[in-house]
Amino acid sequence: MDIVILVSGRGSNLKAICSAIDAGKCDANIVGVVSDRKKAAALEFADARGIQTRVVSLRKGDDRDLWNDALAKTVVSLKPDLIVLAGFMRVLGTPLLERFPGRIINVHPALLPAFPGHSGPQDALDAGVRISGCTVHIVDAGVDTGPIIAQAAVPVVEGDSAESLHTRIQVQEHRLLPAVIHQIAIGAITLNPLRVRRPVADLSRSLTVPDA
Ligand code: GAR
């Protein structure tokens, strides 16, 4: 299964996917890494690994429709079977969503549908929840609203900052996201924008698999 990974930042999830591929635990082939930020550290890592990289920048005042068209064109040119948003901090427009219906997944640092958006860990702390975690879901036109594929939970501990909670959540992201990609690659999870056939496989010890 050929995948394109969309990134905006550090790229720890990209690295986790690469490590899982190297370890034979994720049956996917990364055909490109695309970023909206040319300074994203994830791009350096991808370059060093010999993965094709593309930048489709969106600056203040830029035309959003043009950016969405350019992004879709760039991704389509890489011919992926699946698109993975791994820390991509933009909402996707219709050009990409219509070209890959149900074939785009995202990892989010909260237990959706709680705390969507850019600051999941901080929002979870502000709400005083005792458990948070991460969610891998299919991307739709909303902000972190698409069908949930898998979740992993982590405790919120006394004295947590958004950063310390996020770090704990990312440990689970790094297990869950490659595991979900692998399950999709081997057909154990069937993606459909309206209905996700949930995996029966045990993806990780702390994974919560909702009933189908
Ligand atoms: C990840 O924790 C991911 O869940 C989050 O950005 C981080 C990127 O980290 N995404 C969102 O908040 C999307 N709403 P990384 O660049 O080290 O993989």
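The values are calculated or read from the model by the stated rules, or taken from the named source; none is laboratory data. Keep in mind it's a predicted model, so treat the numbers as computed, not measured. Methodologically, a virtual Cβ is constructed for each residue, glycine included, from the backbone with ideal geometry; neighbour enumeration extends over all protein chains shown. With ligands, DNA and RNA removed, areas are computed over all heavy atoms of the protein, side chains included. Shrake-Rupley method; radii C 1.70, N 1.55, O 1.52, S 1.80 Å.
Here are the numbers:
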{"quantity": "Added length on full extension, which subtracts the Cα-Cα distance from 0.36 nm per residue, Asp27 to Asp69", "calculated": "12.2 nm"}
{"quantity": "Label-point separation, Lys39 to Ser164 (7 Å along Cα→Cβ), nm", "calculated": "2.9"}
{"quantity": "Amide H partners (placed H, <5 Å) of Ser132, local residues excluded", "calculated": "Val154, Val156"}
{"quantity": "Extension gain from Ser57 to Asp2, taking 0.36 nm per residue of separation minus the Cα-Cα distance", "calculated": "17.5 nm"}
{"quantity": "Amide proton proximity set for Asn29, modelled H, under 5 Å, gap of 5+", "calculated": "Asp2, Ile3"}
{"quantity": "Cα coordinate range in the chain, projected on the principal axes (Å, largest first)", "calculated": "44, 39, 35"}
{"quantity": "Share of carbon and sulfur in the accessible heavy-atom surface of segment 1-140 [1.4 Å probe, %]", "calculated": "50"}
{"quantity": "Percent RCO, i.e. relative contact order, over the chain, from Cα pairs under 8 Å lying at least 6 residues apart", "calculated": "19"}
{"quantity": "Rounded Å value of the spacing that divides the Cα centres of segment 1-34 and segment 62-106", "calculated": "16"}
{"quantity": "Å² of accessible area per residue within the chain, as computed with a 1.4 Å probe and no ligands counted", "calculated": "48"}
